[in-house]
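Asker: Here it is, the structure, as structure tokens.
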Amino acid sequence: MKNNEGQLFQRWQYHAGSGALVWQLMFTETGDLIGQKRFTSERQALFFCIDTETGKLFLNDYLLMGHFHPDPAGEGWFTGLETTSKNLGYCYACQPQSPEHKGIWAVDFRTGRVVWSRSDIGFVANFNEKFLVSQSSVFGGFPERQFLFIDSVTGNDIPLSGLDSAQVNAVRADVVPEEVRQKVILPEFVTEGMVQERQALQRVGISESVSCECIVKGMLTIVALHEQVEFSGTWHSCLNVWHNNRLVYVDCMAKGVDSPNFNNFLIQRDNLYYIREREELVCVALS
């Protein structure tokens, strides 16, 4: 969306709170953005849900594990988003003393209602109406892992869905990546040999020696420039958007930080999303 001078402008902003780190973003088929923010000092991870069109905040500061006792995930710290389907977001917890995901919680994030939950399975892949999941057990003192399908709407097992390892590998080969399912375009770090991106950068006057990430989509070139300050050693990360090689949007994503803010922007449908100073999520309309 442009003003009279052809410049892009922000559709909405969401501030996650002082000290927050916007950590995960996923999108539902019903037009919601589900995100997780993390507060390191409090060891807490909270979820939020936003209408992508208007920026209306449906849910904020949602602690998933506040609904379950005892909490299997350290007061909600070791939780995250696995996938989305229709209007629901699907969360996981981590096993104690292990990074392995355990359990699935299907949540309507507009209301915070847990539609179904299972602590006995782990998510593997999303096939829309069904999920491939794993289930751990012990037989004869040895750990075993079985694979099965469950209904994504109800969480119930799908009969006769037990799979051997060969079948699992064949099924997983057909999995559609999450970014493709959710119509997300992620940036790539520009390296030698990336012809399209390097040509786009040359057209807008960016040197090959500059550290940057880039998305080229039609007449749009979106670049995050990461530059190190000579004396302090800190980094500045700046977002630039060109339309047909004309600069139409600029913002600073981070200034004076210890490391470059890599992988902090994406496109979903006709919106550009980026994280500013760790705490703020900004949405820019691209059309």
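Asker: For the stretch 105-124, what are the residues that are in a strand (DSSP E or B) and either in contact with a Lys or Arg (Cβ under 6 Å, 6 or more places away or on another chain) or free of Cβ contacts under 8 Å to residues at least 24 places away in the same chain (or both)? Steps first, please.
Answerer: Just the residues of the stretch 105-124 that are in a strand (DSSP E or B), to begin with: 105-108, 113-118, 122-124.
Hits for the stretch 105-124 are Asp108, Arg113, Gly122.
Asker: Are any residues in the stretch 23-37 among the charged types (D, E, K, R) and either modelled with pLDDT under 95 or not in a strand (DSSP E or B) (or both), and if so, which ones?
Answerer: Glu29
Asker: Specify which of the listed residues (Glu208, Glu230, Glu197, Glu192) is of a type in the set (D, E, K, R) and surrounded by 15 or more Cβ atoms within 10 Å (Cβ to Cβ). Even if it seems obvious, please write down each step before you answer.
Answerer: Numbers: Glu208 fails: surrounded by 15 or more Cβ atoms within 10 Å (Cβ to Cβ); Glu230 fails: surrounded by 15 or more Cβ atoms within 10 Å (Cβ to Cβ); Glu192 fails: surrounded by 15 or more Cβ atoms within 10 Å (Cβ to Cβ).
Testing whether each residue is of a type in the set (D, E, K, R) and surrounded by 15 or more Cβ atoms within 10 Å (Cβ to Cβ) leaves just Glu197.
Asker: When the residues of the stretch 81-119 are narrowed to those that are among the charged types (D, E, K, R) and within 18 Å of the chain's Cα centre (by Cα), which ends up surrounded by the fewest Cβ atoms within 10 Å (Cβ to Cβ)?
Answerer: Lys86
Asker: If you check every pair at least six apart or on different chains, which have Cβ atoms under 7 Å apart with a residue in the stretch 80-104 that is more than 19 Å from Val22 (Cβ to Cβ) first and a residue that is of a type in the set (Lys, Arg) and modelled with pLDDT of 90 or more second?
Answerer: Gly103/Arg118; Ile104/Arg118
Asker: Same structure, new question: Among the residues in the stretch 276-283, are any modelled with pLDDT under 95, part of a strand (DSSP E or B) and either surrounded by fewer than 20 Cβ atoms within 10 Å (Cβ to Cβ) or acidic (Asp, Glu) (or both)?
Answerer: Scanning the stretch 276-283 turns up no residue that is modelled with pLDDT under 95, part of a strand (DSSP E or B) and either surrounded by fewer than 20 Cβ atoms within 10 Å (Cβ to Cβ) or acidic (Asp, Glu) (or both).
Asker: Could you look through the stretch 120-170, keep only residues that are of a type in the set (Val, Ile, Thr), at pLDDT 95 or above and more than 16 Å from Lys102 (Cβ to Cβ), and pick out the one that is nearest to the chain's Cα centre (by Cα)?
Answerer: Val153
Asker: Okay, next question. Would you check which residues across the stretch 171-194 are in contact (Cβ under 8 Å) with a residue 40 or more places away in the chain, over 22 Å from the mean Cα position of the chain (by Cα) and within 28 Å of Ile206 (Cα to Cα) and list them?
Answerer: none
Asker: Could you tell me which residue of the stretch 47-70 is surrounded by the fewest Cβ atoms within 10 Å (Cβ to Cβ), considering only residues that are among the aliphatic types (A, V, I, L, M) and either within 16 Å of Ala106 (Cβ to Cβ) or modelled with pLDDT of 95 or more (or both)?
Answerer: Per the criteria, the residue is Leu57.
Asker: Does Gln199 satisfy the criteria of being out of contact with any strand residue (DSSP E or B) (no Cβ under 6 Å at 6 or more places or on another chain) and among the polar types (S, T, N, Q)?
Answerer: It is true that Gln199 is out of contact with any strand residue (DSSP E or B) (no Cβ under 6 Å at 6 or more places or on another chain) and among the polar types (S, T, N, Q).
Asker: Name the residues in the stretch 250-267 that are surrounded by 19 or more Cβ atoms within 10 Å (Cβ to Cβ) and closer than 16 Å to Arg11 by Cβ, would you? First the steps, then the outcome.
Answerer: In the first step, residues of the stretch 250-267 are kept if they are surrounded by 19 or more Cβ atoms within 10 Å (Cβ to Cβ); the result is 253-254, 260-261, 264-267.
Within the stretch 250-267, Phe265, Leu266, Ile267 qualify.
The values are calculated or read from the model by the stated rules, or taken from the named source; none is laboratory data. Being a predicted model, the structure only gives us computed values, none of them experimental. Methodologically, a virtual Cβ is constructed for each residue, glycine included, from the backbone with ideal geometry; neighbour enumeration extends over all protein chains shown.
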